[in-house]
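Down below is the structure, laid out as structure tokens.
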Amino acid sequence: DRKSLLERHASRLYRGTEYRHSQIIGRDPNNARKDEVLFSGLLNPELADMWLDAMVHNRVPISGVHSLSLLSTKLIHRLCPKCEQTLFITHNLGSGLRQSFIKGGKLLFSRLTPVAGDQSAQTYSDFVHAEIGKTKRYLSNLHLISPNLRLAVLMLSGGERLLELNKMREAESLTHYNFFDLDDVARQIKYKGPQLDGYCDHLFAFLQAKTPTPNHYASGKHRFHFQMFRARQAMELIGVAAIVGGVLWTGMQAVDILVKNDETVITEQQTRRTTERYNQAQALIPQSEVSPLDLQMAVDLADHLRQQRPSPQPLLAILGHALQQQPTLSLENIEWFASTKRNAKAPASSQTTTVDHAGNADESSASGDPMDAVPGQYQIGIVRGRVTRFTGNYRDAHHMIDELLATLRKTPGILIAEALELPIDTAPTGNVQGGVNDAGTQQDAYFTVRLVMGEGNAQL
């Protein structure tokens, strides 16, 4: 992948050190498919190894090893935010003069030059001016700048060295040189730390602590104790959060317990008042030899039997619908009962419905209690009726009764629809009585029909 590719290329560029860093800084202006990558490394790793090995041995958490040249872009954004191409110079006590070329806010080149410690301010000023010229020529050879470009120079310094640098600037008319007092820059970024004394070491350390940047050079073995330190911090935060959460949960539970206790007291008071009223009401009830439990069981059993008994309503609805098609037939009475056998005879306690000539029905049973039929699989009805406006034509009367039976047989739920008695007995064993002159005499034509319906099947 890309990370492995960059690491391999950095290892080829800096073979003698493990402190290598690669950073993508943009796209190639001539080829948008290519990235511009900045590679950097510590060419003299012995000093870094000495300090890092001692810190790892003593288990000191190391967050990272950072390049001062890469950190210098933070200061450029503050000192000269509009500068497009800048040579930024800092002097560090332990390393020397650092010159970093920054273009468009991106570091492209950095050069470190040792500085003799016993130089006078005048010698130091001439040394800096000479080193700036060397760096500009080197940048021109790399085609990073044009030879005639007046490259903006920014340098941080202080004390007598700063005075000599400003004199050199005025003497040479170097208007594109800008020398900043290190103490003024420190106040601008709100620096808090030891006295700077013209060196930028503590200033860069403060910037890194204030706005941390990712690690540049430290390897995994160097950062091991720092990762353990961060893991320990995370565990401590989780522990604190768990304790706070536990305290909050305990408080909520305590509040719930207090609320439940208040509700329990109120419930106990209501229970006592209800028990007192119940005892008072029970004292007014006459004493009975039957226990309340037996009475409750009897009431439940009666309700159960009442719910389970069959109703004649479906059978009567079917019969009424069929009689609407035969208006000359009227009902006298209906005998209804339930049985587990479809051919059963009517019991003594069967239910009888009598229909008067005004159309009113009276339901009763042989025992005098209405609607007390015993539940069964079949509902059986014995229907007795007569032919109204009968003129003596038995053929028409029989035809109407047959049509009534045919209609009933076609009705869903009706299992049997048969005639038990007809106005005239047409069986071979029947007797026919009457005179010749009686043909036109007004007579009553009665009939009896037996219906059998499966329980719960009739719907209308």
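The values are calculated or read from the model by the stated rules, or taken from the named source; none is laboratory data. The model shown is predicted, which means the values in this text are computed figures rather than measured ones. Methodologically, a virtual Cβ is constructed for each residue, glycine included, from the backbone with ideal geometry; neighbour enumeration extends over all protein chains shown.
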> Can we say Ile76 is at pLDDT 85 or above, surrounded by 12 or more Cβ atoms within 10 Å (Cβ to Cβ), of a type outside the set (S, T, N, Q) and not in a strand (DSSP E or B)?
Replying inline: no
> Taking the stretch 6-39 as the region of interest, how many residues are in a helix (DSSP H, G or I) and aromatic (Phe, Trp, Tyr)?
Replying inline: 0
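Which residues, taken from the stretch 128-137, are in contact (Cβ under 8 Å) with a residue 24 or more places away in the chain and either more than 14 Å from Gln85 (Cα to Cα) or surrounded by fewer than 15 Cβ atoms within 10 Å (Cβ to Cβ) (or both)? Outline the logic, then answer.
Taking the stretch 128-137 and keeping what is in contact (Cβ under 8 Å) with a residue 24 or more places away in the chain, we get 128-129, 131-132, 135-136.
Result: Val128, His129, Glu131, Ile132.
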> Looking at (1) exposed (fewer than 10 other Cβ atoms within 10 Å of the Cβ); (2) at pLDDT 85 or above; (3) of a type in the set (A, V, I, L, M), which is the only condition Ile285 fails?
Replying inline: (2)
>> Report every pair of residues separated by at least 6 positions or lying on different chains whose Cβ atoms are under 7 Å apart, first residue within the stretch 47-59 and closer than 15 Å to Gly220 by Cβ, second β-branched (Val, Ile, Thr).
In response: Leu52/Ile62; Met55/Ile62
> For Val185, which of the numbered conditions (1) within 20 Å of Tyr124 (Cα to Cα); (2) in contact with a strand residue (DSSP E or B) (Cβ under 7 Å, 6 or more places away or on another chain); (3) of a type in the set (Val, Ile, Thr) fails to hold?
Replying inline: (1)
>> I'd like the residue in the stretch 273-315 that is touching a residue at least 40 places away in the same chain (Cβ under 8 Å) and not in a loop (DSSP other than H, G, I, E, B) and, out of all such residues, is farthest from Ile401 (Cα to Cα).
In response: Gln308
>> Just the residues that are buried (at least 16 other Cβ atoms within 10 Å of the Cβ) and either within 47 Å of the chain's Cα centre (by Cα) or hydrophobic (A, V, I, L, M, F, W, C) (or both), please, taken from the stretch 4-36.
In response: Leu6, Ala10, Arg20, His21, Ser22, Gln23
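Residue-by-condition table, conditions (1) surrounded by fewer than 17 Cβ atoms within 10 Å (Cβ to Cβ); (2) out of contact with any Ser or Thr (no Cβ under 9 Å at 6 or more places or on another chain):
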{"site": "Gly104", "(1), (2)": "yes, yes"}
{"site": "Ala121", "(1), (2)": "yes, yes"}
{"site": "Leu139", "(1), (2)": "no, yes"}
{"site": "Leu144", "(1), (2)": "yes, yes"}
{"site": "Leu149", "(1), (2)": "yes, no"}
{"site": "Arg161", "(1), (2)": "no, no"}
> Do we find that His57 is within 29 Å of Gln233 (Cα to Cα), at pLDDT 85 or above, surrounded by fewer than 17 Cβ atoms within 10 Å (Cβ to Cβ) and not aromatic (Phe, Trp, Tyr) in this structure?
Replying inline: yes
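Looking at the stretch 161-184, which of the residues that are among the basic types (Lys, Arg) and in contact with a Phe, Trp or Tyr (Cβ under 8 Å, 6 or more places away or on another chain) is nearest to Gln85 (Cα to Cα)? Explain how you work it out, then say what you get.
The initial filter retains those residues of the stretch 161-184 that are among the basic types (Lys, Arg), namely 161, 167, 169.
Among the residues that remain, those that are also in contact with a Phe, Trp or Tyr (Cβ under 8 Å, 6 or more places away or on another chain) are: 161, 169.
Working: Arg161: 25, Arg169: 19 Å.
My answer is Arg169.
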